[in-house]
1. Restricting attention to the stretch 13-54, which residues are of a type in the set (A, V, I, L, M), within 15 Å of Lys65 (Cα to Cα) and either in a helix (DSSP H, G or I) or more than 12 Å from the chain's Cα centre (by Cα) (or both)?
2. Out of the stretch 55-66, which residues are under 17 Å from Leu9 (Cβ atoms) and part of a helix (DSSP H, G or I)?
3. Does Ile30 qualify as being crowded, with 16+ Cβ neighbours inside 10 Å, at pLDDT 95 or above and among the hydrophobic types (A, V, I, L, M, F, W, C)?
4. If we scan the stretch 50-61, do we find a residue that is exposed (fewer than 11 other Cβ atoms within 10 Å of the Cβ) and either under 17 Å from Thr17 (Cβ atoms) or aliphatic (A, V, I, L, M) (or both)?
5. Determine whether the stretch 67-78 contains at least one residue that is over 10 Å from the mean Cα position of the chain (by Cα) and in a helix (DSSP H, G or I).
Amino acid sequence: MEDKITLVLDYMNQVKTRCTYSAAAKALGITTVTLKKLLGEHRPEISWFVGSKTGEPAGYTGHQKHAELYRTKRIITSAEVLTRNLPALTS
């Protein structure tokens, strides 16, 4: 599971686009609570994961957010986007 989370995390940092916790969790086949636990401490490289209602990473302070977090208004809200762009998630 950690390999797949790393795959998603690397992708998010590459495309520099926010993604909802629920879309990522669904693509990984886990709950959002489990995803948040597995991500660990708040830090900029995981701040791409955001709440669907707020578009913000839950509980993050300014210095814990990636410097480019707001470079686009686009937010990935569908697990299908992740599974399409990261075929290794379904294997």
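The values are calculated or read from the model by the stated rules, or taken from the named source; none is laboratory data. Here the structure is a predicted model, which means the values were calculated and not measured. Cβ: placed from backbone, ideal geometry, glycine included. Neighbour counts: every protein chain shown.
1. Of the stretch 13-54, the ones of a type in the set (A, V, I, L, M) are 15, 23-25, 27-28, 30, 33, 35, 38-39, 46, 50.
Narrowing the set further to residues that are within 15 Å of Lys65 (Cα to Cα) leaves 39, 46, 50.
Leu39, Ile46, listed by residue number.
2. From the stretch 55-66, those under 17 Å from Leu9 (Cβ atoms) are 57-58, 60, 64-66; that's our starting set.
Of everything in the stretch 55-66, just one residue is under 17 Å from Leu9 (Cβ atoms) and part of a helix (DSSP H, G or I), namely Gln64.
3. Yes, satisfied.
4. Here is the first cut: in the stretch 50-61, the residues exposed (fewer than 11 other Cβ atoms within 10 Å of the Cβ) are 53-54, 59, 61.
Next, only the ones that are either under 17 Å from Thr17 (Cβ atoms) or aliphatic (A, V, I, L, M) (or both) stay: 54.
Within the stretch 50-61 (the criterion being exposed (fewer than 11 other Cβ atoms within 10 Å of the Cβ) and either under 17 Å from Thr17 (Cβ atoms) or aliphatic (A, V, I, L, M) (or both)), the answer is yes, since at least one residue qualifies.
5. No: the stretch 67-78 contains no residue that is over 10 Å from the mean Cα position of the chain (by Cα) and in a helix (DSSP H, G or I).
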